[in-house]
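Structure first, commentary second.
The values are calculated or read from the model by the stated rules, or taken from the named source; none is laboratory data. This is a predicted model, so every value here is computed, not measured. Here Cβ is always computed from backbone atoms with ideal geometry, including for glycine, and neighbour counts include all displayed protein chains.
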Amino acid sequence: MSGVKRVSWAEIRLWRAGLLVAFLALWEVATRRGWIDKFFVSQPTVLATQIAEWVWSGFIFRHLWVTMQETIIGFLLGTLLGVVVGFLFAHWEKLAYIFDPLMVALNAMPRVVLAPLFILWFGLGLLSKVVMVISLVFFVVFFSTYTGIREVDRDLVNNARILGATQRHMIRHVLLPSALTWIFSSLRTSVGFALIGAVVGEYLGSHEGMGYVISYAESMFNSTGVLAGLLVLMAAVIAIDVALKRLDTRFSYWKPARW
Amino acid sequence: MVGHDRTGAIVLEGVTQRFPLPREDREFTAVQDVSFTVRGGEFVSIVGPSGCGKSTLLGLVAGLVPGTAGRITLDGQPVSGVNPRLGFVFQRDAIFPWKTVAQNVGLPLLFRGVDAASARARVAEWIARIGLTGFEGYHPHQLSGGMRKRVALAMTMVYEPEIVLMDEPFGALDVQTRNLMENDLLEIWAQFRRTVVFVTHDLEEAIALSDRVVVMTASPGRVKAIYPIDLPRPRSVTEIRFHPEFGRLYETMWTDLKDEVRLGYERSQKGLMG
């Protein structure tokens, strides 16, 4: 079948915007006319006002900043830990064999359920959320580092050996760069996990951060607060994702564009 | 023409390589009882049907893998592990995709601890020699297949190894690029006179380039015959093919090779590679 037409991006964008506007309009009208109770689903105009108020008063930035701190610190530590352990495991096969069941078991465990324990152990503040984030990020990075080093091109390793590479050269010039592409390919996943970890941690026990804002609004039966909080989080995630996409293309400068 | 006093002599005596076949309770013999000598500075090609263990043989000489039986010596010293006096050009261009042309060519010098200033000079010299001046800052994916091969060649030659092993280096190139590369290789070889062991399945290429050609049997690979190539040098690979002697050599060697090629093909069809 040769009926494949090239998509027109202008048209696609128009459709997207149109659908969004239609959805918001329907929502607004439905709640105004009383087809749906505003108490449960809030209202677009009310939401917009709420978010504007938060931004205007600076209230939201304080909480967003707390969440970002937890996300970033936990992400960096989790990534570092994942890279180091992944490297060690790839390097000493015995280590990988010994700890394989443990890694699989720990990874299979739903980390979200651990959040209350972390809060019990590390308190209501930053630390418990950072630990939560680490527990999520570590495994993503660990597995991609491990695979990245195990899957390194054998010809490149052999070539480096013949060219006179020492153990350190091999790590620095062959294994790390090769693993880096895998780590970067999982970066967007792990950043997403990091944010989830931080928000869930806050949601279950804290006195600041986006998770707290949502949880507080929820306890007041304030659907506007919950939805507004979610929208702010969504915007933050999209911003981070765009930034990471840029970073990825910067770091993968040596890869052919079609990869 | 070839001095016996040159360094870079390779002696293979009864070299055998077997691999266990994991799911079948037997071993696969890749190379069996191979013996021949390469003199220092000589250009020797190894031809044989695919799967005859040509590449395995190179891996053994390079010390990348330990052999099952037999002895390989380089200038009288037994091979035990990777030898720094040796260069290897791989079938796929094993250059580092995250490094630029200049960084790739300079890598062996960096590994060998050559000081930065003289390394830079040697890298520039070799980049000029392979005609890639102006491309120093390019990454491999921005280059053509022929250019990447040149980088691989420069990367091997920049540290002036005494022995250069080449595993079907030009197999993936189109015919024109390939002939250009072959001529470049001959020129470099004439200038530096390193020992070259060149693996190929292309008989014409082997004859055009070499001082001697080793013909291998279908697997398990054994030496079937060794032919001296008394064609005049310097050669151009595109013109030497019209030399009357070339045709005669080709015919004799092809009679040797064709049975092996057919045998190798039939076996591979039946999946009886043991």
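Please go through region B:207-222 and pick out each residue that is more than 16 Å from B:Val261 (Cβ to Cβ) and assigned to a strand (DSSP E or B).
Within region B:207-222, just B:Arg212 meets the criteria.
Looking only at region A:40-51, which residues are more than 24 Å from the chain's Cα centre (by Cα) and surrounded by 12 or more Cβ atoms within 10 Å (Cβ to Cβ)?
A:Val41, A:Ser42, A:Gln43, A:Pro44, A:Thr45, A:Val46, A:Leu47, A:Ala48, A:Thr49, A:Gln50
Which number in (1) within 21 Å of A:Val174 (Cβ to Cβ); (2) among the hydroxyl-bearing types (Ser, Thr, Tyr); (3) assigned to a helix (DSSP H, G or I) marks the one condition that B:Ser118 misses?
(1)
With the structure loaded, tell me whether B:Phe198 is closer than 24 Å to B:Gly87 by Cα and among the aromatic types (Phe, Trp, Tyr) or whether it fails that test.
yes
Does any residue of region A:28-39 turn out to be under 30 Å from A:Ser128 (Cβ atoms) and among the basic types (Lys, Arg)?
no
Give all pairs with beta carbons closer than 6 Å in which a residue from region B:232-257 that is surrounded by 10 or more Cβ atoms within 10 Å (Cβ to Cβ) meets a residue that is acidic (Asp, Glu); count only pairs at least 6 apart in sequence or on separate chains.
Final answer for the pair search is B:Val237/B:Glu182.
For the structure I just gave you, tell me whether B:Gly51 is of a type outside the set (Val, Ile, Thr), in a loop (DSSP other than H, G, I, E, B), more than 14 Å from every other protein chain (Cβ to nearest Cβ) and in contact with a Lys or Arg (Cβ under 6 Å, 6 or more places away or on another chain).
no
Can A:Ala194 be described as farther than 23 Å from B:Val158 by Cα and either within 14 Å of chain B (Cβ to nearest Cβ) or in contact with a Ser or Thr (Cβ under 6 Å, 6 or more places away or on another chain) (or both)?
Against the criterion (farther than 23 Å from B:Val158 by Cα and either within 14 Å of chain B (Cβ to nearest Cβ) or in contact with a Ser or Thr (Cβ under 6 Å, 6 or more places away or on another chain) (or both)), A:Ala194 qualifies.
Quick check on this structure: which one of B:Val101, B:Val114 is among the β-branched types (Val, Ile, Thr), surrounded by 19 or more Cβ atoms within 10 Å (Cβ to Cβ) and more than 8 Å from chain A (Cβ to nearest Cβ)?
That would be B:Val101, the only listed residue that is among the β-branched types (Val, Ile, Thr), surrounded by 19 or more Cβ atoms within 10 Å (Cβ to Cβ) and more than 8 Å from chain A (Cβ to nearest Cβ).
List the residue pairs whose Cβ atoms are under 7 Å apart, where the first residue sits in region B:167-191 and is farther than 22 Å from B:Pro49 by Cα, the second is among the aliphatic types (A, V, I, L, M) and not in a helix (DSSP H, G or I), and the two are 6 or more positions apart or on different chains.
What qualifies is B:Met181/B:Leu173; B:Trp189/B:Val196.
Could you say which residue among B:Val158, B:Val175 is within 20 Å of the chain's Cα centre (by Cα), aliphatic (A, V, I, L, M) and away from chain A (no Cβ under 12 Å)? Show your work before the answer.
Working: B:Val158 fails: away from chain A (no Cβ under 12 Å).
One residue alone meets the criteria, B:Val175.
One line per residue, one yes/no per condition, for (1) part of a helix (DSSP H, G or I); (2) within 20 Å of A:Ile214 (Cβ to Cβ); (3) touching a His at 6+ places or on another chain (Cβ under 7 Å):
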position: A:Val21; (1), (2), (3): yes, no, no
position: A:Thr31; (1), (2), (3): yes, no, no
position: A:Trp35; (1), (2), (3): no, no, no
position: A:Ala48; (1), (2), (3): yes, yes, no
position: A:Ile60; (1), (2), (3): yes, yes, no
position: A:Leu88; (1), (2), (3): yes, no, no
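Sort through A:Val226, A:Val232 and tell me the only one that's under 18 Å from A:Trp65 (Cβ atoms) and assigned to a helix (DSSP H, G or I). First the steps, then the outcome.
Details: A:Val226 fails: under 18 Å from A:Trp65 (Cβ atoms).
Exactly one of A:Val226, A:Val232 is under 18 Å from A:Trp65 (Cβ atoms) and assigned to a helix (DSSP H, G or I), namely A:Val232.
Just for region B:126-141: of the residues that are of a type outside the set (Gly, Ala, Ser) and over 23 Å from the mean Cα position of the chain (by Cα), which one is farthest from B:Val158 (Cα to Cα)?
So the residue we want is B:His141.
Inside region A:94-175, counting only helices (runs of 4 or more DSSP H) that do not spill past its ends, which hold 2 or more residues that are away from chain B (no Cβ under 14 Å), without any contact (Cβ under 8 Å) to a residue 24 or more places away in the chain and not β-branched (Val, Ile, Thr)?
Counting at least 2 such residues, we get A:115-122.
Consider region B:41-100. How many of its residues are under 15 Å from B:Glu168 (Cα atoms), of a type in the set (Asp, Glu) and modelled with pLDDT of 95 or more?
0
Based on what the data block shows, is B:Leu143 farther than 16 Å from B:Ile95 by Cβ, of a type in the set (A, V, I, L, M) and within 14 Å of chain A (Cβ to nearest Cβ)? Talk me through it step by step, then tell me what you get.
Working: farther than 16 Å from B:Ile95 by Cβ: no; of a type in the set (A, V, I, L, M): yes; within 14 Å of chain A (Cβ to nearest Cβ): yes.
In short, no.
Could you please tell me which pairs satisfy a Cβ distance under 8 Å, a separation of 6+ or placement on different chains, a first residue in region B:27-38 that is within 14 Å of B:Met216 (Cα to Cα), and a second residue that is surrounded by fewer than 16 Cβ atoms within 10 Å (Cβ to Cβ) and hydrophobic (A, V, I, L, M, F, W, C)?
Close Cβ pairs satisfying both conditions: B:Ala30/B:Phe19; B:Phe36/B:Ile226.
For region A:195-230, how many residues are among the polar types (S, T, N, Q), over 15 Å from A:Ile51 (Cα atoms) and in contact (Cβ under 8 Å) with a residue 24 or more places away in the chain?
Filtering region A:195-230 down to residues among the polar types (S, T, N, Q) leaves A:206, A:215, A:219, A:222-224.
Of the ones still in play, those that are also over 15 Å from A:Ile51 (Cα atoms) are A:206, A:215, A:219.
Of the ones still in play, those that are also in contact (Cβ under 8 Å) with a residue 24 or more places away in the chain are A:206.
Number satisfying all stated conditions: 1.
Just checking, does region B:77-90 include any residue being of a type in the set (Val, Ile, Thr), surrounded by 23 or more Cβ atoms within 10 Å (Cβ to Cβ) and part of a strand (DSSP E or B)?
yes
From A:Glu53, A:Glu93, A:Glu70, which residue is in the same structural domain as A:Met170 (by TED's automatic domain parsing), within 16 Å of A:Gly201 (Cβ to Cβ) and of a type in the set (Asp, Glu)? Lay out the reasoning, then the answer.
Working: A:Glu53 fails: within 16 Å of A:Gly201 (Cβ to Cβ); A:Glu93 fails: within 16 Å of A:Gly201 (Cβ to Cβ).
Result: A:Glu70 is the single residue among A:Glu53, A:Glu93, A:Glu70 that is in the same structural domain as A:Met170 (by TED's automatic domain parsing), within 16 Å of A:Gly201 (Cβ to Cβ) and of a type in the set (Asp, Glu).
Restricted to region B:57-71, and to residues that are crowded, with 21+ Cβ neighbours inside 10 Å and more than 9 Å from chain A (Cβ to nearest Cβ), which residue is nearest to the chain's Cα centre (by Cα)?
B:Leu58
Restricting attention to region B:170-195, report how many residues are assigned to a helix (DSSP H, G or I), over 14 Å from B:Glu160 (Cα atoms) and small (Gly, Ala, Ser).
0
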